[in-house]
Amino acid sequence: MPLPCHAALTALLPPKRRYLIGISGGADSVALLHLLLAAGVKRLIVCHVDHRLRGRESTADAKFVESLSRQLGLTFCSTRIDVKKIAAQRGESLETTARHLRYEFFAKVAREHRCPRLLLAHHADDQAETILWNLLRGSNGWKGIRPIQRMNIGGHTLEVIRPLLASRRQELRDYLSQYQLRWREDSSNSEPFATRNRMRHEVLPLLCDVARRDVTPLLLQQADAQADQEMLECWVVSQVQASDPQGRLHVPTLKSLPPAVQRLVFRDYLKQHQTSGISRDLLDRCVSLLTDSAVHCINLPGGHFLRRRQGRITWQPAS
């Protein structure tokens, strides 16, 4: 899995367009920045978030990214956020809060600069960690990071593009070392308190040891197979036509389908309504609306719910 060549980058990212690029100062994002510039993709707006989690180290990261942006003649946008305080207020984990706040900041910069395209440096090792974590927490299938993802944030669409998903972490560091390009090391990446760090430093090395091989390519192959499977599933859902003209699910039609197809229809319906955390357990509870006459309503993540009434099933918002 080599680094993307110049032709591949410019085919994905027409150089005449402007792009936001998230830069932490770490090796991955700094490598992406230099690879893009080398490929002629130069209309970049550098975005950096100081999460205020590592004191002076966080401040030094922000200064490094600002200095790098100035040296390269790029627009620099940054913000400082007290993630720990906001996470406590929201009752969320630091990881979840930091991710949400980053995307809120990216969306804000996108609106200000009228530039809805964001480049991020997720790579193949990040992909493997995500696939395995999603599998362990009960997601439906081998879910990974999408190379191109459209996100609705505050009523605005942000197109997130990840050009490095086929490249390995070590390849990016080797590239930087080869050209004597500087980056910042985040000391917290080696600490085992965060879920992703434990996946990286404990779970994946153990799996490699047990399998006596690098399991990352195997996980990526499963994600590719899952993508093919999802294309087939989308075709199946389009064929069964289980929705009425008002966008409600038609119970008699659903009952005539095999349980596996019923779950596909419910998953598609929940995705249409931007439901998060769609797991096999949630889909099985959706199917209970068809199989258990005593079940008329099920709760969904975010306080929303599905209700069965007069032969129709509808998504209803939190009251």
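The values are calculated or read from the model by the stated rules, or taken from the named source; none is laboratory data. Nothing here was measured: the structure is a model prediction, and the numbers come from that model. Neighbour counts are summed over all protein chains in view; Cβ atoms, including those assigned to glycine, are modelled from backbone coordinates with ideal geometry. For the accessible areas, the whole protein counts, side chains as well, though only heavy atoms, and no ligand, DNA or RNA atoms are used. Shrake-Rupley method; radii C 1.70, N 1.55, O 1.52, S 1.80 Å.
Quick rundown of the values:
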item	result
Some residue of region 299-307 being charged (D, E, K, R), modelled with pLDDT of 90 or more and over 23 Å from GLU230 (Cβ atoms)	yes
Positions within region 248-294 being without any contact (Cβ under 8 Å) to a residue 60 or more places away in the chain, of a type outside the set (A, V, I, L, M, F, W, C) and farther than 26 Å from LEU136 by Cβ, in sequence order	PRO252, THR253, LYS255, SER256, PRO258, GLN272, THR291, ASP292, SER293
ARG146 part of a strand (DSSP E or B) and without any contact (Cβ under 8 Å) to a residue 40 or more places away in the chain	no
Criterion (in contact with a helix residue (DSSP H, G or I) (Cβ under 9 Å, 6 or more places away or on another chain), of a type in the set (Ser, Thr, Tyr) and under 24 Å from GLU202 (Cβ atoms)) met by exactly one of THR79, THR130	THR130
Residue, farthest from ALA107 (Cα to Cα), within region 131-166, restricted to residues that are modelled with pLDDT of 90 or more and polar (S, T, N, Q)	GLN149
Test for LEU101: is it of a type in the set (A, V, I, L, M), open to solvent by 20 Å² or more (accessible area, probe 1.4 Å) and more than 27 Å from ARG173 (Cα to Cα)	no
Residue within region 46-53 that is at pLDDT below 95, more than 21 Å from the chain's Cα centre (by Cα) and over 20 Å from LYS108 (Cα atoms) present	yes
Hits in region 226-273 - residues which are polar (S, T, N, Q), closer than 22 Å to ARG309 by Cβ and under 25 Å from the mean Cα position of the chain (by Cα)	GLN272
Counted residues, region 150-162 - those being touching a Leu at 6+ places or on another chain (Cβ under 9 Å) and open to solvent by 20 Å² or more (accessible area, probe 1.4 Å)	4
Any hit, region 226-241, residues being touching a Gly at 6+ places or on another chain (Cβ under 7 Å) and modelled with pLDDT of 90 or more	no
Matching residues, region 33-71, being among the hydroxyl-bearing types (Ser, Thr, Tyr) and in contact with a strand residue (DSSP E or B) (Cβ under 8 Å, 6 or more places away or on another chain)	SER58, THR59, SER69
Tabulated pairs, region 201-223, first within 12 Å of GLU129 (Cβ to Cβ) and at pLDDT 90 or above, second among the aromatic types (Phe, Trp, Tyr) and open to solvent by less than 80 Å² (accessible area, probe 1.4 Å), C-beta under 9 angstrom, 6+ apart or interchain	LEU219/TRP142
Listing of helices (runs of 4 or more DSSP H) fully contained in region 1-96 that carry 1 or more residues being open to solvent by less than 60 Å² (accessible area, probe 1.4 Å) and touching a Phe, Trp or Tyr at 6+ places or on another chain (Cβ under 9 Å)	27-38, 56-71
